[in-house]
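For reference, the structure is listed below as structure tokens.
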Amino acid sequence: MGMTIAEKIIAAHLVEGEMIKGREIGIRIDRTLTQDATGTMAYLEFEAIGIPRVKTESSVCYVDHNLVQSDFKNADDHRFLQSIARRYGLFFSPPGNGISHQLNLERFGLPGKTLLGSDSHTPTGGGLGMLAIGAGGLDVAMAMAGKPFYLIMPQIYGIKLTGKLQPWVSARDVLLELLRQLTVKGGVGYIMEYFGSGVKELSVTDRAAITNFGAELGATTSIFPSDENTRKFLESQGRAEGWIELSADDDAKYDKIIEIDMSALEPLIACPSSPDNVARVSEVAGRKVSQVLIGSCSNSSLRDLLVVAKTLENREVNLDVSFEINPGSRQVLENMAAMGDIQTLIHAGARIHQAGCLGCIGMGQAPATNTISLRTFPRNFPGRSGTKNDQVYLCSPEVAVAAAITGKITDPRELGEYPSLTLPKKYLPGDARIEPPLADGSHVEVIRGPNIAPFPEFSPPPESWQGKVLLKTGNNITTDHIMPAGAQILPLRSNIPAISKFVFNQLDQNFAKRAGNGGPGMVVGGENYGQGSSREHAALAPRYLGVEVKLVKSFARIHKANLINFGILPLTFADPADYDLLEEGAEIEIPNLRQTLAGENTQLEIKVNGKSVMTDLDVSSRHRRILLAGGLLNWARAK
């Protein structure tokens with residue numbers, strides 16, 4: 001039987017296990033990326049492993065999230081990251097240089113390679129034909145140390161694309177349609193692989209917009225073929241020598257298939273407050289808008305900003321709208337300037353920010369109270385914008401610029417003829433600020449600011465566990481619910497005692513105090529628990545507060561892996577109806593915990609106020625050893 005693209009790359013990188021769906025495998029990682037919000041902790045973990053230099057083909061340290069320097073914390077951590085890169089042999093991209101995913105696409109991504117990133121939107125690289133996977137920082141640290149990355153062999157979801165996008169409809173609408181049909185849980189356990197006659201109609205940046213936003217399906221990753229369009233993109237970036245052709249075999253078998261006729265799509269929009277709350281723009285048109293943001297890692301390429309600039313020629317931004325641009329990279333800015341389109345944006349009334357994530361991670365750009373904000377960002381979880389009870393909609397650049405002009409949600413097809421776009425055959429590289437690795441960094445001193453706290457130590461689990469339910473949550477709890485982002489909290493990312501004070505702050509402002517004083521505890525949740533960001537702080541900070549068990553109906557992939565990495569026992573209800581039996585404050589006992597972990601039993605009995613409840617322990621034998629050690633770092637040190 002033939003193989004899919006994903007299966008071919010996995011087979012070429014397989015170092016442990018067999019490619020049997022549902023079984024754990026270990027794959028070799030060629031390349032890694034980190035961003036500063038998660039990378040600071042990842043490098044503290046890398047240092048704890050004790051490896052003198054990274055062992056990957058290339059690793060890149062980006063600063064793109066925490067760019068606001070309102071005090072010393074972010075500036076100190078930026079110097080820490082630069083010195084880490086020099087010391088351990090990484091590329092370093094400084095603040096203002098660009099967003100990791102856009103920059104990696106431009107300067108480092110290559111088809112057929114594996115990429116592991118400490119950011120959930122790492123699958124952006126799948127637009128180039130990479131197997132690009134988001135993970136927690138500790139998993140990335142282990143990959144930089146030359147260790148395999150472990151995952152459950154995913155199923156492959158074939159997305160057959162036919163037809164061609166109509167004017168004013170963009171690649172963003174392809175993924176919005178998938179979210180409409182499949183929801184934020186629809187890709188869990190799958191790699192989303194694109195094929196069909198419609199693929200050739202999409203540029204690499206179109207494809208990257210789809211694979212980036214595909215993270216919101218809960219998928220392991222998303223991937224496109226490497227074809228002539230891929231070659232042309234790499235050639236335009238001066239990197240054509242890295243191109244290889246890569247496609248699925250004619251007799252490849254997909255576990256599921258869904259077909260999208262791109263010709264039939266119309267402009268779509270995700271309404272508050274979930275990426276899968278999708279409607280036709282025509283259905284919500286007319287709602288007054290006060291803010292429009294274009295950029296982030298999802299739609300910040302030269303193509304995306306060019307369509308905005310060309311649409312704004314001889315037009316102005318509505319006076320009631322704050323219209324803001326977050327370019328994806330310095331390269332995008334440099335080429336826009338060379339083509340004369342920056343001037344168009346300025347004259348139209350746009351606010352042009354530095355190349356970075358900014359409002360997408362809650363680092364500024366919060367909308368006004370009780371107003372609508374349209375964003376080309378990938379997430380609109382409640383409060384993520386920095387404004388309580390926000391009304392954030394997600395849309396394409398075309399829909400966004402139409403709203404900026406009219407002051408209300410508008411079907412962009414009402415603007416008339418679609419603008420003509422001409423992209424350069426050779427891009428100005430814009431990479432002069434990327435610092436290459438030193439040949440020998442052993443003499444470099446790592447600079448540590450006062451905000452960097454020692455990495456916490458965690459003990460192995462007891463023979464039998466006793467604690468109580470500290471919090472009960474519902475379905476689709478995101479990592480933003482568990483460990484919020486934003487300008488107040490993210491600067492504390494390298495200080496676990498400080499950042500832990502904000503755990504579950506959105507759901508219960510007294511949680512951190514109650515957990516810290518309450519001894520060992522459990523958190524109970526519903527379906528798709530831990531969706532969203534890869535930030536391992538959502539596991540690490542609760543563990544610091546004494547959360548040692550999480551019992552839910554189902555987990556999101558990255559969060560479950562992070563829980564295991566920090567020694568938190570991930571259990572799921574054998575009978576989801578038992579969720580109703582557990583309430584906050586309930587006394588919990590887990591008899592013979594270590595004995596069960598040391599064995600092969602996939603079910604674990606717990607006592608809830610003395611009553612028996614059965615749970616599923618869906619972990620590999622390697623996971624069991626990590627949990628018995630009290631976490632991945634303890635286990636790695638012991639080895």
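Some points to look at:
- Count - residues of region 410-463 that are small (Gly, Ala, Ser), farther than 29 Å from Ser100 by Cβ and modelled with pLDDT of 95 or more: 1
- Filtering region 383-403 to residues that are aliphatic (A, V, I, L, M) and outside any helix (DSSP H, G or I) leaves Val392, Leu394.
- Pair list, Cβ under 6 Å, 6 or more apart: region 407-418 residue within 12 Å of Val169 (Cα to Cα) and crowded, with 17+ Cβ neighbours inside 10 Å, other residue charged (D, E, K, R) and at pLDDT 95 or above: Pro412/Glu398
- In region 537-582, the residues that are free of Cβ contacts under 8 Å to residues at least 60 places away in the same chain, closer than 24 Å to Ala37 by Cβ and among the aromatic types (Phe, Trp, Tyr): Phe555
- Summed over region 342-382, the residues that are in a loop (DSSP other than H, G, I, E, B) and surrounded by fewer than 20 Cβ atoms within 10 Å (Cβ to Cβ) give a count of 10.
- Qualifying residue in region 307-319 (condition: farther than 19 Å from Trp168 by Cβ and not assigned by TED's automatic domain parsing to the domain that holds Pro95): yes
- Tally, over region 614-639, of residues that are in contact with a Leu (Cβ under 6 Å, 6 or more places away or on another chain) and either at pLDDT 95 or above or not assigned by TED's automatic domain parsing to the domain that holds Leu597 (or both): 6
- Flag for Arg107 being assigned by TED's automatic domain parsing to the domain that holds Ala48, touching a residue at least 24 places away in the same chain (Cβ under 8 Å) and in contact with an Asp or Glu (Cβ under 6 Å, 6 or more places away or on another chain): yes
- Checking each residue in region 338-357 for being of a type outside the set (S, T, N, Q) and either in contact with a Gly (Cβ under 6 Å, 6 or more places away or on another chain) or over 16 Å from Leu312 (Cβ atoms) (or both) picks out Ala338, His353, Ala355, Gly356, Cys357.
Here is a yes/no grid of residues against (1) touching a helix residue (DSSP H, G or I) at 6+ places or on another chain (Cβ under 9 Å); (2) farther than 30 Å from Gly134 by Cα; (3) not assigned by TED's automatic domain parsing to the domain that holds Leu628:
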residue: Ser533; (1), (2), (3): yes, no, no
residue: Leu551; (1), (2), (3): yes, no, no
residue: Asn562; (1), (2), (3): yes, no, no
residue: Ile568; (1), (2), (3): yes, no, no
residue: Leu571; (1), (2), (3): no, no, no
residue: Glu583; (1), (2), (3): no, yes, no
residue: Leu597; (1), (2), (3): yes, no, no
residue: Gln603; (1), (2), (3): yes, no, no
residue: Lys611; (1), (2), (3): yes, yes, no
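- Among residues of region 154-204, those that are under 29 Å from Tyr427 (Cα atoms), β-branched (Val, Ile, Thr) and surrounded by fewer than 23 Cβ atoms within 10 Å (Cβ to Cβ), counted: 1
- Lone qualifier among Val284, Val289 - being aliphatic (A, V, I, L, M), in contact (Cβ under 8 Å) with a residue 12 or more places away in the chain and in contact with a Leu (Cβ under 7 Å, 6 or more places away or on another chain): Val289
- Residue match in region 510-523 (condition: out of contact with any Leu (no Cβ under 7 Å at 6 or more places or on another chain), within 30 Å of Gly187 (Cβ to Cβ) and not assigned by TED's automatic domain parsing to the domain that holds Gly136): no
- Selection status of Gly585, more than 30 Å from Glu47 (Cβ to Cβ) and without any contact (Cβ under 8 Å) to a residue 40 or more places away in the chain: no
- Strands (runs of 3 or more DSSP E) enclosed by region 437-554 - at least 2 residues per element that are surrounded by 24 or more Cβ atoms within 10 Å (Cβ to Cβ) and of a type in the set (Gly, Ala, Ser): none
- Residue selected from region 103-125 under the condition within 13 Å of the chain's Cα centre (by Cα) and part of a helix (DSSP H, G or I), by the criterion nearest to Ala143 (Cα to Cα): Thr122
The values are calculated or read from the model by the stated rules, or taken from the named source; none is laboratory data. What you are looking at is a predicted structure, and each value in this text was computed from that prediction instead of being measured. Counting neighbours? That spans all protein chains shown, and the Cβs are built from the backbone with ideal geometry, glycine included.
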